[in-house]
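Below is one structure, written out as structure tokens; the observations come after it.
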Amino acid sequence: MAKAVGVSTAYINLLENNQRSLSVKVLMSIADAYGVDWRDLIQEGSDRLLADLRATIQDPLFNQGTPDLQELRLAVDHAPKLVENFLQLYSSHTNVIERTMETNDSASDAPLLNSPEATVHNFFRSHANYFDELEQCAEGLRAEDPCEPDEVYYWLKNRLQSRNGIRVHIAPMEDMNRALRIYDQEAQVIQLSEALDFPNRSFQLAHMVCLIEFSEQIEALTSSIEGVGHAGKIRCRVELANYFAAAFLMPYSSFKQAAEDMAYDVNRLCKTFGVSFEQVCHRLTTLQRHGERGIPFFFIRIDRAGNVTKRFNASAISMAEYGGACPVWDLHAAFSNPGTVIPQFVELPDGKRFFTISRTADRPAHGRDAQTRRQALSLGCELADASNIAYANAFNQDDEQLFGKIGINCRICPRQSCAQRAHNPIAFELSVDPTRRGDTHLES
């Protein structure tokens, strides 16, 4: 191996004993010499574990000698289960603190459980945002009677009627009691609100087909989830059905090929597959099939107040679970430019750089009082993959002024002299000079 790769036998020995990190050059040399996919040489999920461990260890709770990056890598390589249990313990700890502060009810055992949103995020991330069982089911169903994207809704409607005896009815908003979809199992009727546009009607029917025809696969996937409440498991089942719907509407291989051919032009992909902007962004995070992986994207959606309403992550970035995401990130600026795709290059405090696109997404309005339910979403990837994305082509990536200096959350962000700082960091004290007024009242 040393001769084939062009290094010393001592270096190979150090690699085998986890005493050296595998450089990109050596990784590519091994892949070329043995004809394997370089991704297969990387421990599955190790990047995710390392990123989560690095983010967790920054908590001031661990201020007595923080391990360096090499120590963290050794922990992930040699004791991944221990690391996962540690992260679960830390997650439970933070939930206790947050829920206690919210409810001030120490008698309740509810704080020991992750929130349903955190359960969904952790469950999907533990599977690298990819579920092959559901992909195979979706592909098999789509292959039964191939049709054009504009015919999918009618195909699904006929399928539900002929195979399951379930009728689909478009109901006036007044009859839906502010719901977008209601399944009356006794009457065998699915009611869809007239507030749903055509792509979302197709998505809702594909979602229902999954719950009705592939419930065993959903149950098998969620049965292994431990340490979560009933609501968390229900949310996972719902999100898995959403995963199936996206896989059905955007079949893996054809969607991945189209995305690469179109340089990840999300608007074009929407038109090609007859889906929404948000559905395309979410689907791009799931292209993690073994041997046919796409770019590892992350996806986040927020409301006007900055609350995180959805997040999925196939990359190494850590994202805020709760409100307070960095205002330097143009994700927030999207509200001022509705419908416009905003590209941005960003840099985290640890020096990692990413490319993101942000845009608003309008939610279905089921009444006059719901017309402002606009949210903003962002799709991002590591800087190394930005050259494959059309939205990044117009920028000079060698320009250091190009990168917005963002953080994960204001309370843990270590940046100083930030004009957008809203909270004192909990890890250190900001400098205060009574003779000087800085950009914010928190720092001078």
Flag if ARG159 is assigned by TED's automatic domain parsing to the domain that holds ARG125, under 30 Å from the mean Cα position of the chain (by Cα) and of a type outside the set (Phe, Trp, Tyr): no
Every residue from the range 201-236 that is at negative phi and part of a loop (DSSP other than H, G, I, E, B): PHE214, SER223, SER224, ILE225, GLU226, VAL228, GLY229
Filter result (in a helix (DSSP H, G or I), touching a helix residue (DSSP H, G or I) at 6+ places or on another chain (Cβ under 8 Å) and more than 16 Å from PRO199 (Cα to Cα)) within the range 133-170: GLU133, LEU134, GLU135, CYS137, ALA138, GLU139, LEU141, ARG142, ARG159, LEU160, ARG163, ASN164
Test for ALA220: is it surrounded by fewer than 18 Cβ atoms within 10 Å (Cβ to Cβ) and in contact with a Pro (Cβ under 6 Å, 6 or more places away or on another chain): no
Qualifying residue in the range 356-374 (condition: of a type in the set (A, V, I, L, M), within 18 Å of the chain's Cα centre (by Cα), modelled with pLDDT of 90 or more and surrounded by 20 or more Cβ atoms within 10 Å (Cβ to Cβ)): yes
Count of the range 279-293 residues which are touching a strand residue (DSSP E or B) at 6+ places or on another chain (Cβ under 8 Å) and surrounded by fewer than 23 Cβ atoms within 10 Å (Cβ to Cβ): 1
Single unsatisfied condition, ILE389 versus (1) in contact with a Gly (Cβ under 7 Å, 6 or more places away or on another chain); (2) within 19 Å of ASP265 (Cβ to Cβ): (1)
Candidates ARG99, ARG125, filtered to the one that is touching a strand residue (DSSP E or B) at 6+ places or on another chain (Cβ under 9 Å), assigned to a helix (DSSP H, G or I) and at pLDDT below 95: ARG125
Wholly enclosed helices (runs of 4 or more DSSP H) of the range 239-325 bearing at least 1 residues within 21 Å of GLU139 (Cβ to Cβ), more than 17 Å from the chain's Cα centre (by Cα) and at pLDDT 90 or above: 252-261, 266-273
Residue that is surrounded by the most Cβ atoms within 10 Å (Cβ to Cβ), among those in the range 43-77 that are farther than 25 Å from ILE412 by Cβ and either modelled with pLDDT of 85 or more or in contact with a helix residue (DSSP H, G or I) (Cβ under 8 Å, 6 or more places away or on another chain) (or both): ASP77
Which listed residue is modelled with pLDDT of 95 or more and of a type outside the set (Gly, Ala, Ser), from LEU211, LEU221, LEU180: LEU211
Residue among TYR243, TYR252 that alone is touching a strand residue (DSSP E or B) at 6+ places or on another chain (Cβ under 7 Å) and within 13 Å of ASP132 (Cα to Cα): TYR252
Unmet requirement for ASN388, which otherwise passes all of (1) modelled with pLDDT of 90 or more; (2) touching a Lys or Arg at 6+ places or on another chain (Cβ under 9 Å): (2)
Unique residue being charged (D, E, K, R) and without any contact (Cβ under 8 Å) to a residue 40 or more places away in the chain when the list is ASP184, ASP265: ASP184
Residue match in the range 264-274 (condition: small (Gly, Ala, Ser), on the phi < 0 side of the Ramachandran plot and in the same structural domain as GLY339 (by TED's automatic domain parsing)): no
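The values are calculated or read from the model by the stated rules, or taken from the named source; none is laboratory data. Every value quoted in this text rests on a predicted model; they were computed, and no experiment measured them. With ideal geometry, Cβ positions are generated from the backbone for all residues, glycine too; neighbour counts draw on all protein chains shown.
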